[in-house]
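First the structure, in the form of structure tokens, and then the observations on it.
Here, each number is a calculation from the coordinates, and none is a lab measurement. If you're wondering where the values come from, they're calculated on a predicted model, not measured in any experiment. All Cβ positions, even for glycine, are placed from backbone atoms using ideal geometry, and neighbour counts span all protein chains on display.
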Amino acid sequence: MSKKSLFAYLGTLIAFLILDGLWLGVVMGPTYRSLLGSLMLDQPRLLPAGLFYLLYVFGCVVFVVLPSASWQRAARLGALLGLVAYGTYDLSNWATLQGWSAQLAVMDMAWGTFLTAACCTVGYLCAQRVHR
């Protein structure tokens, strides 16, 4: 793994953990709990959560951050990847889970779109700081 790839991955991962941690833990935690009720665990399962973050950030870096030629492109492609990934998850849940509402799907898709765009931008900027 090159230094540029490592900086891209770490920058994207750190941004993702900070922003999503604030979103889930502080800003929207009570809202998710009220909308999902018994579908939510009292405490998240850390292993699958950690695996999700590692895998999703890997996809962000491979498909968006490293191929992008500018931070604007990283932001646009990140938004698209976020919409597709979160949309797949949210629309599937809305289609199959009784407690998953259209309101929740739209809210979560908007967050995933913004979050992925922002984190891919941070990852791109971190990667550009590395001298080859």
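So which pairs qualify, if the first residue must be in the stretch 84-103 and within 18 Å of Gly59 (Cα to Cα), the second must be surrounded by 12 or more Cβ atoms within 10 Å (Cβ to Cβ) and hydrophobic (A, V, I, L, M, F, W, C), the Cβ gap must be under 8 Å, and the two must be at least 6 apart or on different chains?
Sorted first by the residue in the stretch 84-103, then by its partner, the pairs are Tyr86/Met109; Tyr86/Trp111; Gly87/Met109.
Are any residues in the stretch 117-129 in contact (Cβ under 8 Å) with a residue 60 or more places away in the chain and surrounded by 14 or more Cβ atoms within 10 Å (Cβ to Cβ), and if so, which ones?
In the first step, residues of the stretch 117-129 are kept if they are in contact (Cβ under 8 Å) with a residue 60 or more places away in the chain; the result is 118-120, 122-127, 129.
Correct list: Ala118, Cys119, Cys120, Val122, Gly123, Tyr124, Leu125, Cys126, Ala127.
For the stretch 84-113, which residues satisfy the criterion of being within 20 Å of Pro67 (Cα to Cα) and either crowded, with 18+ Cβ neighbours inside 10 Å or touching a Lys or Arg at 6+ places or on another chain (Cβ under 9 Å) (or both)? Don't jump to the end; show me each part of the working.
Of the residues in the stretch 84-113, the ones within 20 Å of Pro67 (Cα to Cα) are 84-85, 113.
Correct list: Thr113 only.
Can you pull out the residues in the stretch 65-83 that are in a loop (DSSP other than H, G, I, E, B) and surrounded by fewer than 16 Cβ atoms within 10 Å (Cβ to Cβ)?
Pro67, Ala69, Ser70
So, in the stretch 85-105, how many residues would count as being closer than 18 Å to Met28 by Cα and either among the aliphatic types (A, V, I, L, M) or not in a helix (DSSP H, G or I) (or both)?
6
Regarding Leu54, is this residue touching a residue at least 12 places away in the same chain (Cβ under 8 Å), assigned to a helix (DSSP H, G or I), within 18 Å of the chain's Cα centre (by Cα) and surrounded by fewer than 14 Cβ atoms within 10 Å (Cβ to Cβ)?
Yes; evaluated as a whole, the condition is true for this residue.
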